[in-house]
Amino acid sequence: MLKKQTVWLLTMLSLMIVLSVYYMQAQPANDDFAFIFNEAPEENDSVGTISDQSEEEVGSDVAEKSDEEFNETSAISTKDELFTIIRMELAQSRSSRMEQLETIVASSSASNDEKNQAYDEMQQIDRVATKELIVEETLKSENGYPDVLVRTKEDSVIVTVKTDELSQSEANKIMRMVYDEFGAVKVEVNFQPVS
């Protein structure tokens, strides 16, 4: 079991290194071009949310979360790199958390209870990453989207699809797919125009 986790960790680190090298080597078409997210997303960016909240509460939650997410990413040279950068940051944060947990598990001073909790959290991180990848790949292959980004934050799942427009029925299909994979969680579906 530990070998699987080690292989997974090394794979994620390798992916992060390869993407970093690619990002550093890629020259933007125009050095003056920068894409900065400072404004609130358009109304139709958030297609749907499933929760027990009323529509007004959901709308304000979506706007607040979207603003926070967009402000975290200050300057990006092109729209196409946004998903790659977010994936790299997510992989890096998970990797550092896994290292901390592995240190606890390997520690001789940690109690058995602490080691068990750390191991359980490692398993949870691995399960979440696998589920995110399954949903991303399934959406790309079944619906033909150029790119899909699935992120889990606490008790919600945020799905961002790269497409020019997203219908209500497509958003509902995406939400059902997330429900099938993650269970009963709050789902936020957004889209980012391709061009």
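The values are calculated or read from the model by the stated rules, or taken from the named source; none is laboratory data. These figures come from a predicted structure and were not determined experimentally. Please note: Cβ atoms are built from the backbone with ideal geometry, for glycine as well, and neighbour counts cover all protein chains shown.
List every residue pair whose Cβ atoms lie under 6 Å apart, where the two residues are 6 or more positions apart in sequence or sit on different chains, the first residue falls within the stretch 141-160 and is on the phi > 0 side of the Ramachandran plot, and the second residue, located anywhere, is among the aromatic types (F, W, Y) and in a strand (DSSP E or B).
So the pair list comes out empty.
With the checklist (1) outside any helix (DSSP H, G or I); (2) at pLDDT 90 or above in hand, flag the one item A110 doesn't pass.
With respect to (1) outside any helix (DSSP H, G or I); (2) at pLDDT 90 or above, A110 is out only on (2).
Could you check how many residues of the stretch 61-107 are among the hydrophobic types (A, V, I, L, M, F, W, C), part of a helix (DSSP H, G or I) and modelled with pLDDT under 60? I'd like the intermediate steps shown before the answer.
Filtering the stretch 61-107 down to residues among the hydrophobic types (A, V, I, L, M, F, W, C) leaves 62-63, 70, 75-76, 82-83, 85-86, 88, 90-91, 98, 101, 104-106.
Cutting the leftovers down to part of a helix (DSSP H, G or I) gives us 62-63, 70, 82-83, 85-86, 88, 90-91, 98, 101, 104-106.
This time we only want the ones that are modelled with pLDDT under 60, so: 62-63, 70.
Qualifying residue count for the region: 3.
Of all residues in the stretch 148-162, how many are modelled with pLDDT under 90 and over 17 Å from S93 (Cα atoms)?
Residues in the stretch 148-162 being modelled with pLDDT under 90 and over 17 Å from S93 (Cα atoms): 1 in total.
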